[in-house]
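Asks: Below are the structure tokens for one structure; questions will follow.
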Amino acid sequence: MDSDMSRRMVAEFFGTFWLTFGGCGAAIFAAGFPNLGIGFLGVSFAFGLTVLTMAYAVGHISGGHFNPAVTLGLWAAGRCANRHVVPYLIAQLVGAILAAAALWAIASGKPGWVAGGFAANGYGELSPGKYELPACFLTEILATFFFLFIIIGTTSKGAATGFAGIPIGLALTLIHLVTIPVTNTSVNPARSTGPALFAGGAYIGQLWLFWVAPIAGAMVAGLLTRWMYEQEKIIDTTVIEERRVS
């Protein structure tokens, strides 16, 4: 593996780790904290802030996907090289699973702690608002479609240079504000996989939806924007290094 690919994978690993640790951690530790819980609003901003901060920290290295649906959506749009897809997906999954493991290790340090849903996603009885499968499926498709639409639009030619991380982070915040009661908000198969593996049981059985629906929504957005921005395809992200000579 060349050094460029290694750096990209490390960037995607840390970006997805931070997203899962920060967003799911806010849901696990802070959302319902006695008397001073941050609630849905705080969790929504936590997820948005993780993407915003990592987009500026490592986005210039890997493109700042941190999400298998984003990678596949950008690939469909012609903005992600074929050779990057599988390595990115591996790095994202490992990052999310290790972040969930870290959250489990921290949470289990509290006497009497019960895992419950562990910030996992679900439909039917596992939906926060008890929404059934069709509603949850539609929610995840639409939310991920618009997430990719915003990502591609704000990184296209003519958009404000250097500011894409802000609308992308705010878009993820808005998505959570709308959809937490429905599915606990996925739009990210890696983020869904990590907590589900630790929540276990029925959450693992429902994980398929949080791969299929986000990827479907992302791919549709990618194909649509490929047509809309057909003259603006970006196949590779250039790694820029600054070297100082003392």
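The values are calculated or read from the model by the stated rules, or taken from the named source; none is laboratory data. As the structure is a computational prediction, the values presented were derived from the model and not from experiment. So basically every Cβ, Gly included, is an ideal-geometry build from the backbone, and we count neighbours across all protein chains shown. Only protein heavy atoms, including side chains, enter the accessible area calculation; ligands, DNA and RNA are left aside. Shrake-Rupley method; radii C 1.70, N 1.55, O 1.52, S 1.80 Å.
Asks: Going residue by residue through the range 193-205, is there one that turns out to be small (Gly, Ala, Ser), open to solvent by less than 20 Å² (accessible area, probe 1.4 Å), more than 15 Å from the chain's Cα centre (by Cα) and over 19 Å from Ala27 (Cα atoms)?
Replies: No, the range 193-205 contains no residue that is small (Gly, Ala, Ser), open to solvent by less than 20 Å² (accessible area, probe 1.4 Å), more than 15 Å from the chain's Cα centre (by Cα) and over 19 Å from Ala27 (Cα atoms).
Asks: Could you tell me which numbered condition Ala160 fails, if it satisfies all but one of (1) among the aliphatic types (A, V, I, L, M); (2) part of a helix (DSSP H, G or I); (3) more than 21 Å from Gly205 (Cα to Cα)?
Replies: Condition not satisfied by Ala160: (2).
Asks: Taking Gly22, is it in contact with a Ser or Thr (Cβ under 8 Å, 6 or more places away or on another chain) and either farther than 28 Å from Met228 by Cβ or charged (D, E, K, R) (or both)?
Replies: yes
Asks: Hey, does the range 130-138 have a residue that's hydroxyl-bearing (Ser, Thr, Tyr), in contact with a Cys (Cβ under 7 Å, 6 or more places away or on another chain) and under 21 Å from Gly201 (Cβ atoms)?
Replies: no
Asks: For the range 108-134, enumerate the residues that are more than 22 Å from the chain's Cα centre (by Cα) and open to solvent by less than 20 Å² (accessible area, probe 1.4 Å).
Replies: Matches in the range 108-134: Gly124 only.
So that you can scan it fast, the table gives a plain yes or no per residue for (1) over 17 Å from Ile180 (Cα atoms); (2) in a helix (DSSP H, G or I); (3) in contact with a strand residue (DSSP E or B) (Cβ under 9 Å, 6 or more places away or on another chain):
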position: Leu41; (1), (2), (3): no, yes, no
position: Ile61; (1), (2), (3): yes, yes, no
position: Thr71; (1), (2), (3): yes, yes, no
position: Leu74; (1), (2), (3): yes, yes, no
position: Arg83; (1), (2), (3): yes, yes, no
position: Lys110; (1), (2), (3): yes, no, no
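Asks: Restricting the search to the range 1-38, which residues are assigned to a helix (DSSP H, G or I) and over 20 Å from the mean Cα position of the chain (by Cα)?
Replies: Ser3, Asp4, Met5, Ser6, listed by residue number.
Asks: Just to be sure before I move on: is Ala100 within 17 Å of Ala213 (Cα to Cα), assigned to a helix (DSSP H, G or I) and touching a Pro at 6+ places or on another chain (Cβ under 6 Å) in the structure I sent?
Replies: No, not satisfied.
Asks: Of all the residues that make up the range 135-165, how many are open to solvent by 70 Å² or more (accessible area, probe 1.4 Å), under 21 Å from Leu19 (Cα atoms) and at pLDDT 95 or above?
Replies: So the count comes out to 2.
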